[in-house]
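Engineer: Below: one structure in structure tokens.
Quick note: the coordinates plus some simple rules give every number you see, no bench work behind them. As the structure is a computational prediction, the values presented were derived from the model and not from experiment. Using ideal geometry, Cβ is built from the backbone for each residue, glycine included, and neighbour counts are taken over all protein chains shown.
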Amino acid sequence: MKHFEKTIESEDIFNGHVIHVMHDKVELEDGSSAMREVVAHPGGVAVAALTENNELLFVRQFRYPYKEVLLELPAGKLEKGQSPLDNAKRELLEETGAVGRQYMTLGKLYPSPGYCGEIIHLYFCRVDHYGNQSLDEGEFLDVERIPLDKAVQMVLNGELPDAKTQTAVLKTAMLTGLGTPEL
């Protein structure tokens with residue numbers, strides 16, 4: 001492999017509930033060395049769940065790092081022992097009460113490859129029926145339905161700053177042929 005960095009040393013800086021931070025010394029391809037700060041994350045999932053009326057299910061919740069309320073697609077952290085698809089189904093049900101059908105992968109998203117190893121698995125599904133919402137302890141959110149075409153326009157207008165949401169909304173619009181924006 002032409003472009004590669006070999007880890008020489010790795011120092012654990014922080015081990016938390018969600019992330020692990022390391023400070024690594026690496027050897028570059030020209031033989032010189034450099035330091036890398038790395039955040040290890042277990043990964044996550046996000047689901048673009050489309051209703052019978054071609055509305056996407058969104059959740060509105062406070063995001064502490066930004067100190068603001070964001071509108072996002074249902075999403076969550078990968079749990080050990082479950083596949084990304086099983087995690088996606090669980091998160092959709094827990095956050096919205098919806099049960100999906102015809103799940104399709106929308107691929108993977110690397111949100112911050114310069115320093116973080118997180119991989120978010122994106123999915124599309126059709127909403128089959130609704131069960132009971134079951135939020136995690138300390139989780140507070142509101143569920144909203146937004147027509148796919150309006151969601152696409154919101155992405156283009158900068159109203160949905162979350163990367164996983166932008167990507168999944170636009171891929172869903174492209175793959176379904178719905179949600180053509182007004183230019």
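Engineer: Counting only residues 5 or more places away or on other chains, whose amide H sits under 5 Å from the amide H of E144 once H atoms are built in the peptide plane?
Structural biologist: F58, V59, R60
Engineer: Can you divide the C-alpha Rg of segment 34-162 by 2.2 N^0.38 Å and report the result to two decimal places? Mind showing how you got there, number by number?
Structural biologist: Numbers: Rg = 15.0 Å, N = 129, 2.2 N^0.38 = 13.9 Å.
Scaled against compact globular proteins, the figure is 1.08.
Engineer: Compute the length gained on full extension between L85 and V99: take 0.36 nm times their separation in residues and subtract their Cα-Cα distance, giving the result in nm to one decimal. Spell out each step's value before the answer.
Structural biologist: Working: separation 14, 0.36 × 14 = 5.04 nm, distance 1.28 nm.
Once the chain is fully extended between L85 and V99, it gains 3.8 nm.
Engineer: Next question. For segment 34-183, please report how many Lys pairs fall under 15 Å Cα to Cα, leaving out neighbours fewer than 8 apart on the same chain. Kindly include the intermediate steps, with their values, before the conclusion.
Structural biologist: Values: K77/K89; K77/K108; K77/K164; K80/K89; K108/K164; K108/K171; K150/K171.
Lysine pairs, 8 or more places apart or on different chains, close enough: 7.
Engineer: In addition: Label L28 and N15 with points 7 Å out from Cα along Cα→Cβ: what is the distance between them in nm?
Structural biologist: 3.2 nm
Engineer: Taking the beta-carbon count within 10 Å as an exposure proxy, list S32, S10 from fewest neighbours to most. Don't jump to the answer; show the numbers that get you there.
Structural biologist: Details: S32 8, S10 13.
So the residues, fewest neighbours to most, are S32, S10.
Engineer: Something else: Can you give the charge dipole size of segment 1-115 about its Cα centre, rounded to the nearest 20 debye, using +1 on the beta carbon of Lys and Arg and -1 on the beta carbon of Asp and Glu? Display every interim value, and only then the final one.
Structural biologist: Working: 13 positive and 18 negative charges, 65 e Å.
Magnitude of the dipole: close to 320 debye.
Engineer: For N54 and N132, FRET efficiency with R0 = 25 Å and r from the beta-carbon atoms, rounded to 0.05?
Structural biologist: Numbers: r = 24 Å, r/R0 = 0.97.
E between N132 and N54, to the nearest 0.05, is 0.55.
Engineer: Could I ask something else about it? Only Cα pairs within less than 10 Å get springs; with that Gaussian network setup on the chain, which residue of G81, G43, G114 has the largest fluctuation?
Structural biologist: The residue with the greatest mean-square fluctuation here is G81.
Engineer: Which cross-chain or sequence-distant (5 or more) residues have an amide H under 5 Å from the amide H of G100, H modelled 1.01 Å from N in plane?
Structural biologist: Here D128 satisfy the definition.
Engineer: What are the GluC sites (Glu not before Pro) within segment 65-145 that DSSP puts in a loop, where the Cβ has at most 14 other Cβ atoms within 10 Å? Can you show the working numbers first?
Structural biologist: On the way: sites: E68, E72, E79, E91, E94, E95, E118, E137, E139, E144; in loops: E79, E118, E137, E139.
Hits after loop and neighbour filter: E79, E137, E139.
Engineer: Restrict the search to segment 88-140; then list the chymotrypsin sites (Phe, Trp or Tyr not before Pro) that DSSP places in a loop and that have at most 14 other Cβ atoms within 10 Å of their Cβ.
Structural biologist: On the way: sites: Y103, Y115, Y123, F124, Y130, F140; in loops: Y115, F140.
Those that pass, being in a loop and sparsely packed, are Y115, F140.
Engineer: Take every Cα pair under 8 Å in the chain that's 6+ residues apart, average their separations, divide by the length, and report that relative contact order as a whole percent. Write out the running numbers ahead of the final one.
Structural biologist: On the way: 389 pairs, mean separation 38.8, N = 183.
Here the relative contact order equals 21 percent.
Engineer: List the trypsin sites (Lys or Arg not before Pro) in segment 27-98 that DSSP assigns to loop (not H, G, I, E or B) and whose Cβ has at most 10 other Cβ atoms within 10 Å. Which are they? Kindly include the intermediate steps, with their values, before the conclusion.
Structural biologist: Values: sites: R36, R60, R63, K67, K77, K80, K89, R90; in loops: K67, K80.
Those satisfying the criteria are K67, K80.
Engineer: Note down the magnitude of the dipole of segment 44-176 about its Cα centre, charges +1 on Lys and Arg C-beta and -1 on Asp and Glu C-beta and zero elsewhere, to the nearest 20 debye.
Structural biologist: On the way: 14 positive and 19 negative charges, 83 e Å.
The calculation lands at about 400 debye.
Engineer: Charges on Cβ only, +1 for Lys and Arg, -1 for Asp and Glu, centred on the Cα centroid of the chain; of V69, M22, P84, which one is farthest towards the dipole's positive end?
Structural biologist: P84
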